[in-house]
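The structure appears below as structure tokens.
The values are calculated or read from the model by the stated rules, or taken from the named source; none is laboratory data. Values in this document were obtained by computation on a predicted structure and should not be read as measured data. Here the Cβ positions follow ideal geometry from the backbone for every residue, glycine too, while neighbour counts run over all protein chains shown. For accessibility, only protein heavy atoms count, side chains too; no ligands or nucleic acids. Shrake-Rupley method; radii C 1.70, N 1.55, O 1.52, S 1.80 Å.
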Amino acid sequence: GGSEGVSSGGDMDLDAVKEHSALHAKPSGLVLQYGTAGFRTKAEHLDHVMFRMGLLAVLRSKQTKSTIGVMVTASHNPEEDNGVKLVDPLGEMLAPSWEEHATRLANAEEQDMPRVLMDISVKAAVNLQQDAFVVIGRDTRPSSEKLSRSVIDGVTVLEGQFHDYGLLTTPQLHYMVYCRNTGGQYGKATIEGYYEKLSKAFMELTKQASCSGDENRSLKVDCANGIGALKLREMEHYITQGLSVQLFNDGTKGKLNHLCGADFVKSHQKPPQGMEMKSNERCCSFDGDADRIVYYYLDVDGHFHLIDGDKIATLISSFLKELLLEIGESLNIGVVQTAYANGSSTRYLEEVMKVPVYCTKTGVKHLHHKAQEFDIGVYFEANGHGTVLFSKAAETKIKQLARELENKKRKAAKMLENVIDLINQTAGDAISDMLVIEAVLILKGLTVQQWDALYTDLPNRQLKVKVADRQVISTTDAERQVVTPPGLQEAINDLVKKYKLSRAFVRPSGTEDIVRVYAEADSQENADSLAHAVSLAVFQLAGGVGEAPQLGL
């Protein structure tokens, strides 16, 4: 009949929604914001949010006629916290307009919630007759299992179908969603499918190594006492050559993310607790949900060296550039960074490797979006979250060349094809990134020290300045230049001129009334005094509150 596609309240059993919602009642007055990481807060405040995200996932699934993912995790936050994020059809982050719907639905008071749900359904032109399918994954937090059951309650009350994958890393759920929405072309939507795809690509890639050096290279992995440990254990059985991993902080004793994990190592610039390191051993850390990775080692003098996302991007993009040169194909490759990327990495990529570098605003969505403009786009945040994106055209071309070319060119094209299969193109994935890095080190015959020595990071310092209102600061040019307040950019320019190899920028925090200051220069002392001088300028010109910044703080 003519009523098709017109949503009416009759298509949604609002009485059932109301009844079930009462079992997941919202504490009145609690307000949460759906951000880059979805919702995150103390686990005990999230039951109503989980139920409602189950409802929302069904609407999004009906609207896109696709499978939608719901991941229960709070990544690198403390164990007491939890969170939830939705995964869109191609394994990407939720569309911004739906982030707004999510925030509205999560914050609606109990009695208004069914009305808000209907309103979203109408605004987003959801055909309620459409079938819905939702997949769910969760991390190892004590609260995650119960919270994922609340998600399932929300899905089933709207008669959506679901598959609960149980324990998964965040990027594994992204992979599942993408596989299900591409008819299995990207891979099999099972955990075995994930391991088979990655391990096959890794072993094919590393077989190409001319000198196989030490047959089974060993890597120490700090798993942040999280889901990464469980999944890496499962994956170990699939990788029969080229790599053996030793797991630390595997969740048997320690607390999730406590004094360990990628975030701890990066911010404290020191090894995690619970890992025995000898000099010159390759070590890496995952974060709590295994979507970030950083490498590090101790030199012979026992000094700690961190290899962050910038150096990971440099290693991978240099390797890809060499393969492209080998096959003589004019596919364009670009590296996308934020203003926080160390100046030395930018200089090395542009001047030595002749790889174009682009800068975007801070935040994964900006990086991901820009990386999609290239045949091959590489992005890593300094914190170790990143991936490589291949355009459909580039992928088709490379697979064709791997069949048609001969000798060395064919080998190079074949290696590119393996990288395409090995990298998780939906999201930063610590397990997949680790395998890419290990394969590149083997193929290039690099030790961790030689990788680290590709370039030397410029000394840098980050500071925070408390201000009355962060909105007085506005920026342009990917956050590298200040527009308001007037006079601040000029002051920064004058300060930067006083130091060699120097650079500084300031940007408002996304969440609190502070301004973040970044400075780098030719020595640590100079980076510190530049950061301090810029902080003072911010304090004076942008309405600083409390004590003026002191040098050395």
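Points worth noting:
- Pairs from K123/K370; K207/K444; K85/K266; K85/K361; K399/K444 whose Cα-Cα separation, in the structure shown, is over 20 Å: K123/K370; K85/K266; K85/K361; K399/K444
- For the chain, adding -39500 (n - 2.57) for each run of n ≥ 4 DSSP H residues and dividing by the number of residues yields -12500 deg cm²/dmol at 222 nm.
- Sorted largest first, extent of region 14-167 alpha carbons per principal axis (Å): 40, 34, 25
- Counting only protein heavy atoms and a 1.4 Å probe, region 193-307 has 43 square angstrom of accessible area per residue.
- Long-range Cα-Cα pairs in the chain (distance over 41 Å), rounded percent: 26 percent
- Computed FRET value (nearest 0.05) for Q269 with L14, which takes r as the C-beta separation and R₀ as 51 Å: 0.40
- Ordering of 405-415, 141-151 by burial proxy (mean other Cβ atoms within 10 Å per residue, highest first): 141-151, 405-415
- Whole-Hz couplings from phi, Karplus 6.51/-1.76/1.60, listed for region 389-406; x for Gly and Pro: 10, 10, 5, 4, 4, 5, 4, 4, 4, 5, 5, 5, 5, 5, 8, 8, 6, 10
- The label-point distance for K392 and N493, in a model that sets each label 7 Å from Cα toward Cβ, rounds to 4.5 nm.
- E192 - accessible surface, heavy atoms, 1.4 Å probe, Å² rounded to 10: 90 Å²
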